[in-house]
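Every read-out reported here was derived from the displayed coordinates using simple, explicitly stated rules and does not represent laboratory data. Treat the numbers as computed from the prediction; the structure is a model and nothing was measured. When we count neighbours, we look across all protein chains shown, and the Cβ atoms used for this are built from the backbone with ideal geometry, even at glycine.
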Amino acid sequence: MPAATIKRIIGRFLARHQDKLWWFHSSYSLLLGIGVMWLGTKNFTYLRLAVFHIAFIWLSSLLLPSLARIRRIPLPWAQRIRLLINYFQRNFYQQLLFFILPIYYLSATWGAANMGFVLLLAFSALLATMDIIYDRYLTVKKWLPAVFFAFNIFACINVMLPVVWNFRNFFALRLSALLALAGFATFIFVQRDVTPRDRLLSILAAALLLAGISEFGRPLIPPAPLRLLQSSFSLGWDAENNQLGEPLSELPDRGPIKIFVLSAIGAPLGLQDRVSHRWYLDGQPVYTSPLIRLSGGRKDGFRLWTFHTVKNIRADSVLRVDVRTAAGQLIGRARLR
């Protein structure tokens, strides 16, 4: 069979089934992402390469509009170049998002508001695996590429700064929001079909949103990479062995009574922050411990222990102790019923 005929047959087959092939590739990307998630639970070192991934996505996204306006490049070839760049962008997004997803998941708390951020990040990672949606919708809409990039760069840098450079979460949140705003603004500025008024309003809205998140929405963001390894209660403290006494499994139905709580907090080597216990009885705050300087790198976690004399205990009372950073982010919580 002549080579031209074979080429024509293959071309027809690809044209007829290209959507199915792209969806097959999306499924493969999702499976690969699951493997990257496993890596994210084992070693944080990969985050050092995140800077290069983010730089490629950012620069290539800014160059794509200019590429489309070069008249010397035929339209079919310009389209092929765009798809090729999108392919690399998707792969870099997938590697980044699926890697940091388990780090945020381990730092989040079931039933708390910060689990919503993890779900949103998982949805973003899933979008990065869907070739057709990314190529035909996400990258061609006016605002979506900027919003998608700003959210993902915020999530990546917010966890990269504490892991790689040992920044405190409080500072990492603010700097991540500032860089996300810069990324959003550059995406908006390269769009020629946006009026100056719409451009200014969109950047202002993004600035207000990111400022609100970094200042007032901190409880909505998991304090990655900090995570609660274990918490336990006791009625006493073993001073000789520097540990809790006999564990307490139920809340005594009497009061007042002094209760101790010990929390083990996992943190990478070199990371320092300040953490505290916040005690609640039946949902009402009863005590907040002073902030204690946390030092990461301990195999069994940093040990934070406090005690409080609990009063007005009823038969159906619930004692809850939240472990929070100085920025107010929830690391984890323990309950005693």
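General remarks:
- By other beta-carbon atoms within 10 Å, ranking 238, 316 with the fewest at the front produces 316, 238.
- Full-extension gain in nm, residue 195 to residue 209, via 0.36 nm per residue minus C-alpha separation: 2.9 nm
- If you take all other residues with their beta carbon under 9 Å from the beta carbon of residue 319, and give Lys and Arg +1 and Asp and Glu -1, the sum is +2.
- Think of the chain as a dipole: +1 on every Lys or Arg Cβ, -1 on every Asp or Glu Cβ, centred on the Cα centre; then among 185, 297, 216, 185 lies furthest on the positive end.
- Gain on full extension, evaluated as 0.36 nm per residue between residue 123 and residue 56 minus their Cα-Cα distance, stands at 21.9 nm.
- Rounded to 10°, Cα long-axis angle of helix 169-189 versus longest principal axis of the chain: 20
- Nearest-0.05 FRET efficiency for residue 311 and residue 175, computed from C-beta distance (R0 35 Å): 0.25
- Backbone amide hydrogens, once placed in the peptide plane, bring residue 114 within less than 5 Å of 109, excluding anything fewer than 5 places away on its chain.
- Rounded tilt (10° steps) of 115-129 against the dominant C-alpha axis of the chain: 20
- Expressed per residue, the C-alpha convex hull volume of the chain stands at 168 Å³.
- The chain: angle of helix 196-215 to the longest principal axis, Cα-based, in degrees nearest 10: 30
- Checking every one of the trypsin sites (Lys or Arg not before Pro) in region 245-296 against DSSP loop status and a limit of 15 other Cβ atoms within 10 Å picks out 254.
- Stretchable slack from residue 87 to residue 49, in nm (0.36 nm times residue separation minus alpha-carbon distance): 11.8 nm
- In sequence order, calculated HN-Hα J values of region 248-265 (Karplus, 6.51, -1.76, 1.60; Hz; x Gly/Pro): 9, 9, 9, 7, x, 8, 9, x, x, 8, 7, 10, 9, 9, 10, 10, 9, 10
- Paramagnetic label zone (point 7 Å from Cα along Cα-to-C-beta, residue 63; backbone N under 18 Å) in region 87-115: 87-93
- Computed magnitude of the charge dipole of region 227-336 (debye, nearest 20; Cβ of K, R +1, Cβ of D, E -1): 380
- Sorted by Cβ neighbour density within 10 Å, fewest at the top, the residues 214, 276: 276, 214
- Cleavage-rule hits, GluC sites (Glu not before Pro), region 173-269, DSSP coil, Cβ neighbours within 10 Å at most 10: 240, 250
- Reducing region 90-105 and region 124-202 to their Cα centroids gives an inter-centroid distance of 15 Å.
- In region 125-205, trypsin sites (Lys or Arg not before Pro) in a DSSP loop with at most 10 other beta-carbon atoms within 10 Å: 192
- When the Cα positions of 159, 95, 329 are compared along the charge dipole of the chain, 95 comes out farthest toward the positive end, with charges on each C-beta of Lys, Arg, Asp and Glu.
- Environment charge of residue 104, counting only residues whose C-beta is closer than 15 Å and scoring Lys/Arg +1, Asp/Glu -1: +2
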